[in-house]
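Everything below concerns the one structure shown next.
The values are calculated or read from the model by the stated rules, or taken from the named source; none is laboratory data. What you see is a predicted model; the values in this text were computed from it and never measured. Cβ atoms come from the backbone with ideal geometry, glycine included; neighbour counts cover every protein chain shown.
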Amino acid sequence: MTTTYHHGDLKSTLLNYALQQMEGEGAGLDGLSMREMAKAVGVSHTAAYRHFADKQSLLDAVAEEGFTALLQASRDAVDAVPASTGNPARLLACGMAYIDFGRQHPRQLAHMFTAASRAAAPASLRTVAAQLFDLLTTLVAQGQQQGQFKEGDARALAHSCWAMVHGLALLQGGQLLAPPLPPDAPQADRTTAATQQARNALEVLMQGLLKA
């Protein structure tokens with residue numbers, strides 16, 4: 001008989017399993033029920049339902065965890081750049097962290113925004129998604145205050161930045177935008193080339209933001 005709580009943290013175990021299935025090469029989560037996922041991690045479906053009311057709740061949690069991780073990675077990238085360097089460099093670092101996340105978690109990134117846009121999305125999911133955009137808007141506004149970025153609606157400029165960064169993240173994550181390397185090129189070389197490709201694109205964006 002399956003034990004109910006032989007996992008130290010069943011909630012995290014279910015979240016990790018769901019993410020693995022989402023990013024895997026197979027059919028993903030579409031064909032899996034909560035009962036099947038509980039069985040896959042070795043617990044009863046009753047135990048799984050103690051943490052998630054249904055499959056949609058689990059999917060929302062996967063999205064929220066993704067936003068939380070992306071927000072933290074973005075903040076860490078910004079904090080790693082000295083304030084004295086200026087906001088263009090900090091904004092660039094934020095964008096690179098976003099693209100790197102998308103390259104590593106392409107399906108989760110796409111899922112995150114699909115889940116957050118649902119009318120019935122949990123408030124906590126909407127909140128962390130909004131915090132990600134708030135970080136971007138703050139960086140743009142600070143750059144304007146310091147005379148580095150052009151004048152205008154900071155949120156509108158931030159939307160333009162977000163659109164480009166998000167697009168690059170999805171394109172690179174889905175390997176639709178890949179550097180011209182030989183098919184047998186090592187993964188490390190591919191990662192380095194993709195990073196430089198993204199940086200080059202964001203530097204073009206930075207030029208458009210800078211105050212003349």
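Looking across Thr46, Thr85, one residue alone is more than 19 Å from the chain's Cα centre (by Cα) and outside the structural domain of Thr138 (by TED's automatic domain parsing). It is Thr46. When you look at Leu202, is it touching a residue at least 12 places away in the same chain (Cβ under 8 Å) and surrounded by 16 or more Cβ atoms within 10 Å (Cβ to Cβ), yes or no? Taking the combined requirement at face value, the residue satisfies it. Residues of the stretch 120-155 that are polar (S, T, N, Q) and touching an Asp or Glu at 6+ places or on another chain (Cβ under 7 Å): Ser124, Gln144.
Where helices (runs of 4 or more DSSP H) fall wholly inside the stretch 12-123, the ranges with 2 or more residues that are at pLDDT 90 or above, surrounded by 14 or more Cβ atoms within 10 Å (Cβ to Cβ) and aromatic (Phe, Trp, Tyr) are 87-104. Only one entry of Leu32, Leu10, Leu91 meets the criterion of being in contact with a helix residue (DSSP H, G or I) (Cβ under 9 Å, 6 or more places away or on another chain) and in the same structural domain as His166 (by TED's automatic domain parsing), and that entry is Leu91. Among the residues examined, Gly143 does not qualify as more than 26 Å from Ser84 (Cβ to Cβ), in a helix (DSSP H, G or I), modelled with pLDDT of 90 or more and of a type in the set (Gly, Ala, Ser). Screening the stretch 55-82 for residues that are within 18 Å of the chain's Cα centre (by Cα) and among the small types (Gly, Ala, Ser) and picking the one that is nearest to His111 (Cα to Cα) gives Ala63. Scanning the stretch 122-139 for residues that are more than 9 Å from Phe67 (Cα to Cα) and of a type in the set (A, V, I, L, M, F, W, C) returns Ala123, Ala130, Phe133, Leu135, Leu136, Leu139. Scanning the stretch 160-175 for residues that are part of a helix (DSSP H, G or I), at pLDDT below 90, assigned by TED's automatic domain parsing to the domain that holds Leu71 and of a type in the set (Gly, Ala, Ser) turns up at least one hit.
Does Glu151 fit the bill of being touching a helix residue (DSSP H, G or I) at 6+ places or on another chain (Cβ under 9 Å), in contact (Cβ under 8 Å) with a residue 24 or more places away in the chain and not in a helix (DSSP H, G or I)? The answer is yes for Glu151.
With the requirement that a residue be of a type in the set (A, V, I, L, M) and surrounded by 13 or more Cβ atoms within 10 Å (Cβ to Cβ), what does the stretch 131-162 give you?
Hits for the stretch 131-162 are Leu132, Leu135, Leu136, Leu139, Val140, Ala141, Ala154, Leu157, Ala158.
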